[in-house]
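First up is the structure itself, then whatever we jot down about it.
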Amino acid sequence: MKKTVLTFGLISGAVATLMMWSTMPFVYRIGFDKGLIVGYTTIVVSLLLVPFGIRSYRENVGGGTITFGKAFQVGILITIISCLCYVISWLILYYNFLPDFVEKYASYMVEKARAAGESQQAIEATRQEMLGMKALLDNPLYHAAFVFLEPFPVGLIITLVSAAILRKKTGPTESQGTIPAGLTSA
């Protein structure tokens with residue numbers, strides 16, 4: 001299981017990292033709303049390796065069979081490895097290339113509240129919320145935990161769905177892959 005999980009988890013993490021790094025130069029050009037769409041698209045695309053990993057384990061290690069529990073275990077481990085790659089990649093980007101990201105995001109959220117015609121109290125509440133978020137994200141452990149929680153729920157859902165679809169209690173039968181007797185040409 002270790003080989004399958006590491007292979008698919010690291011490939012998934014590499015996809016997430018590659019997509020994140022390739023879109024970061026455009027982060028302020030596309031805006032925060034579209035950036036959210038791009039970010040979650042990146043997460044979903046990278047985590048599409050989870051069902052392939054479960055299927056690979058089923059076919060190559062499980063002899064064509066896998067229980068829901070084992071499929072879930074394989075999928076969640078792939079997800080965790082991918083999420084850890086995502087976190088490491090984001091933290092490198094953030095601390096080295098985007099140190100003002102939170103400040104720009106906070107300004108954006110305050111301006112969005114103003115543009116929506118929010119009351120001064122609501123705007124101030126948004127500003128205070130952003131200051132609180134900045135204080136939390138200044139701690140690298142909290143920051144890593146928050147970033148981990150971005151892709152993990154998506155991976156959990158993909159893992160649950162994949163484990164349910166790909167579970168197989170019986171292996172291939174001997175008759176699979178052969179032509180039925182009545183259909184052969186003589």
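Quick check on region 147-159. Is at least one of its residues farther than 26 Å from L49 by Cα and among the β-branched types (V, I, T)? Within region 147-159, not a single residue is farther than 26 Å from L49 by Cα and among the β-branched types (V, I, T).
Give the residue, chosen from L91, L77, that is in contact with a helix residue (DSSP H, G or I) (Cβ under 8 Å, 6 or more places away or on another chain) and closer than 30 Å to T170 by Cβ. Testing whether each residue is in contact with a helix residue (DSSP H, G or I) (Cβ under 8 Å, 6 or more places away or on another chain) and closer than 30 Å to T170 by Cβ leaves just L77. Residues considered: N96, N139. Of these, the only one that is closer than 16 Å to M20 by Cα and of a type outside the set (A, V, I, L, M) is N96.
Go over the candidates T79, T7 one by one and state the one that is over 17 Å from F152 (Cα atoms) and at pLDDT 95 or above. Can you show your working first?
Numbers: T79 fails: over 17 Å from F152 (Cα atoms).
Sole residue among the options that is over 17 Å from F152 (Cα atoms) and at pLDDT 95 or above: T7.
All of (1) touching a residue at least 60 places away in the same chain (Cβ under 8 Å); (2) within 22 Å of E103 (Cβ to Cβ) hold for G35 with one exception: (1). In the set G35, G31, only one residue is buried (at least 17 other Cβ atoms within 10 Å of the Cβ) and part of a helix (DSSP H, G or I); that residue is G35.
There is at least one residue in region 132-144 that is in a helix (DSSP H, G or I) and closer than 30 Å to A71 by Cβ.
When you look at T23, is it β-branched (V, I, T), surrounded by 14 or more Cβ atoms within 10 Å (Cβ to Cβ) and part of a helix (DSSP H, G or I), yes or no?
yes
The values are calculated or read from the model by the stated rules, or taken from the named source; none is laboratory data. A quick note: this is a predicted structure, and the numbers were derived from the prediction, not measured. Because the Cβ atoms are built from the backbone with ideal geometry, glycine has one as well, and the counts that use them run over all protein chains shown.
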